[in-house]
Amino acid sequence: MYLVCINRLSLIIEKNITSRKVKNLRLLIGGSSSFFFHLKEFSDTLKKLGVESKLVFDADYSDGFPSRKIRNWFQTSKKFTKLIDDFKPDAIFVDRQRHFGVAALKANIPLFVFLRGNYWYEMYWNKTTIYKSFPKRIALWQWDKMAKEIFTGATAILPICKHLEKITNKHLPDKTTNVSYEGINPSRWYHVEGMKLKHPCVGLLQVSNWWGKAHEMLILKKVLERMPNVHFYWAGDGPLRERVLSELNKYDNFHWLGMLQYPDKVREYLSEIDVYALVTGMDLASLSLKEAQLMKKPVIATNIGGNPEMMVDGKTGFLVEKDNPEHLIEKLTLLLEDKKLGKKMGNDGHQFVKETFNLEVVAKNFIKIVESHLKRK
């Protein structure tokens, strides 16, 4: 009995110590502009859990060549130094490999790197497609140099899914990794009226920023031909937009909507579509795949990368094989014809994402990761 009481007391003391450490944790987040909205929600959730979190746009405090703004090539470290002196972070979190991360390493502050994509695969495609000119090659070389420095010096790398962790471990076998999913706020995703589309319709919501990812959309040519009465809407943009549109705009049942204002217009779009499809050559933790499920839409995604982790095949939708338009046609036809099945999958998808990727669940896991590494310091 005495030993039981002692053990219980130890657990209580340990729990209280952990709670105090979480409350005392000061985390500086240097975020990219593309995902600033989501990082703001993440930072706010951390604050609710007791972390003193400060989010800044990384390039405002540390930038340089090859920044798109030439005046930033000659930026000094004064703003970054003042930021550190004023906030005094215990750790720094970044979601891309740029100057802010390098500055954090120079300041000798524990750095946690959120890895959103397959860096090495993307680098290969960038070299062989849109970064072939000499000036762009120089920029790519500099970005790669910074990334390698950041990967080497980081306290831990946090891949966005298990699939990416395996890839990261292969390329960086001596580096500590911890999977950290990207959270989502379910309360933002609810049905609204506004956008009007032709039905039956399939919605795609994705960017075309590198060819290894975007080229899979071209299998839609056969799908569009075989399903002439179904309308396909693509909401998205990117440097490879014209390469995709030059092939798909030939079909009357294909419609490009461009980029939609986030999150309001995206919410309208997802409210209106019948089925969501992620037709991609590579994706790891697509936000739109999670958002569509929260909107209670049945989903279809290419069986690649982290997609099997972001949905449940056969329950919240279907995974289809890459380069297989026949498989895509089969599953689309099934969902468009069987409304009862589509509704059930939509409801199951909503529950799955709400339970698995809720911001609070993800933030608590992130805090545990950071705390465990800081204890070793």
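All conditions but one from (1) touching a residue at least 40 places away in the same chain (Cβ under 8 Å); (2) buried (at least 20 other Cβ atoms within 10 Å of the Cβ) apply to Ala235; the one that does not is (1).
Quick one: in the range 32-60, which of the residues that are in a loop (DSSP other than H, G, I, E, B) and in contact (Cβ under 8 Å) with a residue 40 or more places away in the chain is farthest from Asp86 (Cα to Cα)? Only one residue fits best here, namely Phe35. Restricting attention to the range 344-372, the residues that are touching a residue at least 40 places away in the same chain (Cβ under 8 Å), open to solvent by 10 Å² or more (accessible area, probe 1.4 Å) and more than 20 Å from the chain's Cα centre (by Cα) add up to 2.
Please verify whether the range 79-92 includes one or more residues that are at pLDDT 90 or above, within 20 Å of the chain's Cα centre (by Cα) and closer than 27 Å to Leu140 by Cα. Scanning the range 79-92, I find at least one residue that is at pLDDT 90 or above, within 20 Å of the chain's Cα centre (by Cα) and closer than 27 Å to Leu140 by Cα, so the answer is yes.
When Leu245 is tested against the conditions (1) more than 22 Å from Asn307 (Cβ to Cβ); (2) open to solvent by 50 Å² or more (accessible area, probe 1.4 Å), the lone failure is (2). Among the residues in the range 209-221, are any of a type in the set (S, T, N, Q) and either at pLDDT below 95 or surrounded by fewer than 17 Cβ atoms within 10 Å (Cβ to Cβ) (or both)? Yes; the residues of the range 209-221 include at least one that is of a type in the set (S, T, N, Q) and either at pLDDT below 95 or surrounded by fewer than 17 Cβ atoms within 10 Å (Cβ to Cβ) (or both). Provide a single number: the residues in the range 123-142 that are under 22 Å from the mean Cα position of the chain (by Cα) and surrounded by fewer than 16 Cβ atoms within 10 Å (Cβ to Cβ). Number of matching residues: 1.
The values are calculated or read from the model by the stated rules, or taken from the named source; none is laboratory data. The structure displayed is predicted, hence computed values, not measured ones. Counting neighbours? That spans all protein chains shown, and the Cβs are built from the backbone with ideal geometry, glycine included. Accessible surface is based on the protein model in full, side chains and every heavy atom, while ligands, DNA and RNA are left aside. Shrake-Rupley method; radii C 1.70, N 1.55, O 1.52, S 1.80 Å.
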